[in-house]
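Some notes on the structure that comes next.
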Amino acid sequence: FERRKDVHLDTLPAADLGLTKRPRRNRRAEWSRRLVREVELTTNDLIWPVFLMEGNQDIDVSAMPGVSRMCIETAVREAERAAALDIPAIALFPYTDPVLRDEAGTEAFNSRNLVCRATRAIKAAVPEIGIVTDVALDPYTSHGHDGVLRDGVVVNDESVAALVEQAIVQAAAGADVIAPSDMMDGRVAAIREALDREGFRDVQIMAYAAKYASAFYGPFRDAVGSSAALNTSPALTGDKRTYQMDPANGDEALREVALDLEEGADMVMVKPGMPYLDVLYRVKEAFRVPTFAYQVSGEYAMIEGAARQGWIDGDRAMMESLIAFKRAGADGVLTYFAPRVAQLLREQRG
Ligand code: PBG
């Protein structure tokens, strides 16, 4: 086979395939692309997860360039900025001082813990922004697990009892949305019942309904210090596979979501995000309820890390990843990019 050296762009003959269907027509100009666009990303879709720490300075999260653990004062300022950017809600995650971590995660039930104090401070300064608090014991336990450990096993029902206490102190501090991320069975019903009993009937529950045992949480565990905690406990591997889902399973996600909705979840979440768009799509199709995706720390690290190396266009990759969530059916996305996205959307609007 000889290469056809005589074929050049300027010698190609005029051609006409006689097509009646030409999908490119709708793409030929920006006005037309805008007109036929199916989904849109707006600031209304954003929840911004932020990391908290004690003290009066912020510390960078090494595996998440551009993200830091904020002291309460900074968190209040950033919540003000988020509200000014029209971001509807922020989600709080604490880095707990290692001396406050113990086997049972008791600091989680302290109504003056970091998350509770930050919630009160942000509510007082920025009442219009929604505050989502995470229910799980991992930032508070010496072993880094989300629940109570007995003889090396994360025990379900005792864990639920503990998580209920954690949810109550968060609601009392002013959290608007309680978000159990622990994946214990029956925790949504137990938390709903306790919230109602304690007079928090209007506090919403966003269930981490389909949460997978994922390698993409690595940078988060660094940020909240739970992987370090895991490593100091030789009895443990840090493996959460007895409660978080197997990445191989899709049908099971639908069963998990069905249970959380029966138990009283107001909103459900799929987590991680991009590797699980099929799960997100199926959940939205099956239930048609408010459905969220969590673009987790490892997803952020991949995009931001590659962008900082100059390997991809960071802003474009960020926006593309988020529109993909919308296309798959998400009503909103938890993303560490939230303020940057909101800023960019504002600039695009002019
Ligand atoms: C804690 C929790 C985790 C994340 C949110 N809540 C980590 C885990 O389950 O180990 C991960 C978020 C992220 O990676 O951005 N239960």
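The values are calculated or read from the model by the stated rules, or taken from the named source; none is laboratory data. Note that the structure is predicted; figures quoted are calculated from it, not measured. All Cβ positions, even for glycine, are placed from backbone atoms using ideal geometry, and neighbour counts span all protein chains on display.
Could you check segment 210-222 and list, in sequence order, the residues that are more than 8 Å from the ligand (Cβ to nearest atom) and either assigned to a loop (DSSP other than H, G, I, E, B) or in contact with a strand residue (DSSP E or B) (Cβ under 7 Å, 6 or more places away or on another chain) (or both)?
Those that are more than 8 Å from the ligand (Cβ to nearest atom) and either assigned to a loop (DSSP other than H, G, I, E, B) or in contact with a strand residue (DSSP E or B) (Cβ under 7 Å, 6 or more places away or on another chain) (or both): Ala210, Tyr212, Ala213.
Could you grab me the full set of residues in segment 98-114 that are closer than 25 Å to Arg150 by Cβ and either in a helix (DSSP H, G or I) or touching a helix residue (DSSP H, G or I) at 6+ places or on another chain (Cβ under 8 Å) (or both)?
Answer for segment 98-114, where residues must be closer than 25 Å to Arg150 by Cβ and either in a helix (DSSP H, G or I) or touching a helix residue (DSSP H, G or I) at 6+ places or on another chain (Cβ under 8 Å) (or both): Pro98, Val99, Leu100, Arg101, Ala104, Gly105, Thr106, Glu107, Ala108, Phe109, Asn110, Asn113.
Criterion first (farther than 28 Å from Gly130 by Cα and either exposed (fewer than 14 other Cβ atoms within 10 Å of the Cβ) or within 16 Å of the ligand (Cβ to nearest atom) (or both)) does Arg69 satisfy it? Before you say what the answer is, go through the steps one by one.
Numbers: farther than 28 Å from Gly130 by Cα: no; either exposed (fewer than 14 other Cβ atoms within 10 Å of the Cβ) or within 16 Å of the ligand (Cβ to nearest atom) (or both): yes.
When the stated conditions are applied, Arg69 does not pass them.
Can you go through Ser62, Ser111 and tell me which one is polar (S, T, N, Q) and within 16 Å of the ligand (Cβ to nearest atom)? First the steps, then the outcome.
On the way: Ser111 fails: within 16 Å of the ligand (Cβ to nearest atom).
The unique qualifying residue is Ser62.
Filter segment 195-208 down to residues that are away from the ligand (no atom under 13 Å from the Cβ) and in contact with a helix residue (DSSP H, G or I) (Cβ under 8 Å, 6 or more places away or on another chain), then give me how many there are.
Initial filter on segment 195-208 (away from the ligand (no atom under 13 Å from the Cβ)): 195-205.
If we keep only those that are in contact with a helix residue (DSSP H, G or I) (Cβ under 8 Å, 6 or more places away or on another chain) as well, we get 195, 198, 200-201, 203, 205.
Going through segment 195-208 one residue at a time, the tally reaches 6.
Given the structure, is Ala207 out of contact with any Gly (no Cβ under 8 Å at 6 or more places or on another chain) and assigned to a helix (DSSP H, G or I)?
no
Condition (residue is out of contact with any strand residue (DSSP E or B) (no Cβ under 8 Å at 6 or more places or on another chain) and surrounded by 18 or more Cβ atoms within 10 Å (Cβ to Cβ)) applied to segment 329-338: is it met by at least one residue?
No, segment 329-338 contains no residue that is out of contact with any strand residue (DSSP E or B) (no Cβ under 8 Å at 6 or more places or on another chain) and surrounded by 18 or more Cβ atoms within 10 Å (Cβ to Cβ).
Among (1) at pLDDT below 95; (2) surrounded by fewer than 23 Cβ atoms within 10 Å (Cβ to Cβ); (3) within 16 Å of the ligand (Cβ to nearest atom); (4) more than 20 Å from the chain's Cα centre (by Cα), there is one condition Ala229 misses while meeting the rest; what is its number?
(2)
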